[in-house]
Amino acid sequence: MALPVTYNIRNVFVRWRATLATVLGVALVVAVYILLQSLATGLEKSSRNTGDPRNVLVVRKGSTAESSSIITREQVKLLQYLPQIERDAQGRPLVSTDVLVLITLPRKAGNGEAHVLFRGISPVGMDLRPQVTLVGGRWFSPGHREVVVSRRLAARFANFEIGGKLKTGNKELTVVGWLDGGNSAFDSEAWMDADEVRALFDRDQYSSVLARVNDPAAAKQLIDRIESDKRMALRADSEVKYYAAQTMTAMPIKFLGNFLATAMSIGAVFAAMNTMYASVGSRTREIGTLRVLGFRRRTILASFLLEGGFLAFLGGLIGCACSLLLLGLCTAVGYTVATISLESFSETVFQFRITPWLAAKGLIFSVTVGILGSLLPAVRAARLPVIAALKAV
């Protein structure tokens, strides 16, 4: 014979003062867990949202990122006339030779400096990245030391307003526009002309080559040809796949989230245990009466485990609600988070991302904490001698 579920739900709300601390403790643990994991999810989403499936990205074999890659002009000449690459109406190959440099610039808040990734692109480079749009000002003109910066970076760095002057060494650049990367890795970059970057920063080589192909079959042929050509020693991959793999920065955030959640869950388990022990102590005669009525020990054990799990589930719901509320506020005010990319060592901006699966993991985590915290009190309740329980005051 099983106890009605309403019995456990009623006990949770009747003893609300004793259970409120536990619910709030679990809610705090779940909220911290979800928010930290949402940082990692947002960073991974930013990388996976970057690129066009029609593009093939080429870097030096053995390089871990575009910023550490070197492609010579001779290699570019070999690449741009491969037959798999698509051409425009004038017969010119749709290829962008990019140059990436790191520039140290002051933050707008005056709290130090950070590296910003500047990408020099060819004239066709903007057409190969349709997800990037101009949201203010105009595009740069080659040869005039002009730069277009990410709108999100403009909120974090000094002199990134349209018309602002950037100084790096004895060089001065003028911001002429803002770009929006569509929640991709391009939101963490500033763009200018590739040849101008090479001239200003004394770069003889390029960092990467981006090529447009006709179809997936042509993309595979191009990748295979580049990989097998020993003269070039280059690595090619789909642009989407390349950026999706650039998620190394998210790993420390995930580890920190799991570590803090584990540490805080220990306290939450003890809080749940304390609440459930107090519940057992106050319901000793009630437990004895249940035994007299014919309820078995395993039924009482399951009942208390269910009650502890329900208690923690309420805390999990509150924690999820708080996380979603904070996410909504951040989205409403346009707040973004930033960290240092482990691939390029530059400032990377992104947004919180709370997915349905992440919220579900938070709820599963909360219920697990509740059941673990209720296990020992539930065992004690199930083992109470009937006569002793009925005599309890």
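The values are calculated or read from the model by the stated rules, or taken from the named source; none is laboratory data. Computed from a prediction, not measured in an experiment: that's the story for all the values here. Please note: Cβ atoms are built from the backbone with ideal geometry, for glycine as well, and neighbour counts cover all protein chains shown.
Among 66, 74, which is among the acidic types (Asp, Glu) and either in contact with a Cys (Cβ under 8 Å, 6 or more places away or on another chain) or touching a residue at least 24 places away in the same chain (Cβ under 8 Å) (or both)? Explain how you work it out, then say what you get.
Numbers: 74 fails: either in contact with a Cys (Cβ under 8 Å, 6 or more places away or on another chain) or touching a residue at least 24 places away in the same chain (Cβ under 8 Å) (or both).
When all the criteria are applied, what remains is 66.
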Residue match in the stretch 15-35 (condition: surrounded by fewer than 20 Cβ atoms within 10 Å (Cβ to Cβ), assigned to a loop (DSSP other than H, G, I, E, B) and either assigned by TED's automatic domain parsing to the domain that holds residue 197 or touching a residue at least 60 places away in the same chain (Cβ under 8 Å) (or both)): yes
Search result, residues across the stretch 353-393 that are at pLDDT below 70, exposed (fewer than 13 other Cβ atoms within 10 Å of the Cβ) and assigned to a helix (DSSP H, G or I): 387, 388, 391
Residue list for the stretch 294-337, filter: under 21 Å from residue 35 (Cα atoms), of a type in the set (Gly, Ala, Ser) and in contact with a helix residue (DSSP H, G or I) (Cβ under 8 Å, 6 or more places away or on another chain): 312, 315, 316, 319, 323
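Could you say which residue among 199, 211 is surrounded by 22 or more Cβ atoms within 10 Å (Cβ to Cβ), within 28 Å of residue 77 (Cβ to Cβ) and either in the same structural domain as residue 162 (by TED's automatic domain parsing) or over 19 Å from the mean Cα position of the chain (by Cα) (or both)? Break it down into steps so the answer makes sense when it comes.
Details: 199 fails: surrounded by 22 or more Cβ atoms within 10 Å (Cβ to Cβ).
Matching residue, one of 199, 211: 211.
In the stretch 142-166, how many are out of contact with any Leu (no Cβ under 8 Å at 6 or more places or on another chain) and either over 11 Å from residue 192 (Cα atoms) or without any contact (Cβ under 8 Å) to a residue 12 or more places away in the chain (or both)?
Keep residues of the stretch 142-166 that are out of contact with any Leu (no Cβ under 8 Å at 6 or more places or on another chain), which gives 142-144, 152-156, 161-164.
With either over 11 Å from residue 192 (Cα atoms) or without any contact (Cβ under 8 Å) to a residue 12 or more places away in the chain (or both) added as a condition, the list becomes 152-156, 161-164.
Total satisfying the criteria: 9.
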Tally, over the stretch 318-352, of residues that are touching a strand residue (DSSP E or B) at 6+ places or on another chain (Cβ under 9 Å), at pLDDT 75 or above and hydroxyl-bearing (Ser, Thr, Tyr): 1
Pair list, Cβ < 8 Å and 6+ apart or interchain, from the stretch 78-103 residues that are assigned by TED's automatic domain parsing to the domain that holds residue 190 to residues that are among the aromatic types (Phe, Trp, Tyr) and assigned to a strand (DSSP E or B): 97/206; 98/206; 99/206; 100/118; 101/118; 102/118; 103/118
Which numbered condition residue 100 misses (of (1) outside any strand (DSSP E or B); (2) surrounded by 17 or more Cβ atoms within 10 Å (Cβ to Cβ); (3) modelled with pLDDT of 90 or more; (4) not hydroxyl-bearing (Ser, Thr, Tyr)): (1)
So residue 48, is it modelled with pLDDT of 85 or more, charged (D, E, K, R) and more than 25 Å from residue 313 (Cα to Cα): no
Output for the stretch 122-149, where each listed residue is surrounded by 14 or more Cβ atoms within 10 Å (Cβ to Cβ), among the charged types (D, E, K, R) and more than 22 Å from residue 212 (Cα to Cα): 145, 146
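In the stretch 137-249, which strands (runs of 3 or more DSSP E) lie fully inside it and hold 1 or more residues that are touching a strand residue (DSSP E or B) at 6+ places or on another chain (Cβ under 7 Å) and within 26 Å of residue 46 (Cα to Cα)? Outline the logic, then answer.
Details: elements: 146-150, 165-168, 171-180, 189-193, 208-212, 234-238.
Answer list for the stretch 137-249: 146-150, 171-180, 189-193, 208-212, 234-238.
Give me the residue from the stretch 45-104 that is of a type in the set (Val, Ile, Thr) and closer than 19 Å to residue 127 by Cβ and, out of that set, nearest to the chain's Cα centre (by Cα). Before you say what the answer is, go through the steps one by one.
Applying the first criterion (of a type in the set (Val, Ile, Thr)) to the stretch 45-104 yields 50, 56, 58-59, 64, 70-72, 76, 85, 95, 97, 99, 101, 103-104.
From the residues that got through so far, the ones that are closer than 19 Å to residue 127 by Cβ too are 50, 56, 58, 76, 85, 95, 97, 99.
Values: 50: 13, 56: 24, 58: 25, 76: 34, 85: 33, 95: 30, 97: 29, 99: 26 Å.
Only one residue fits best here, namely 50.
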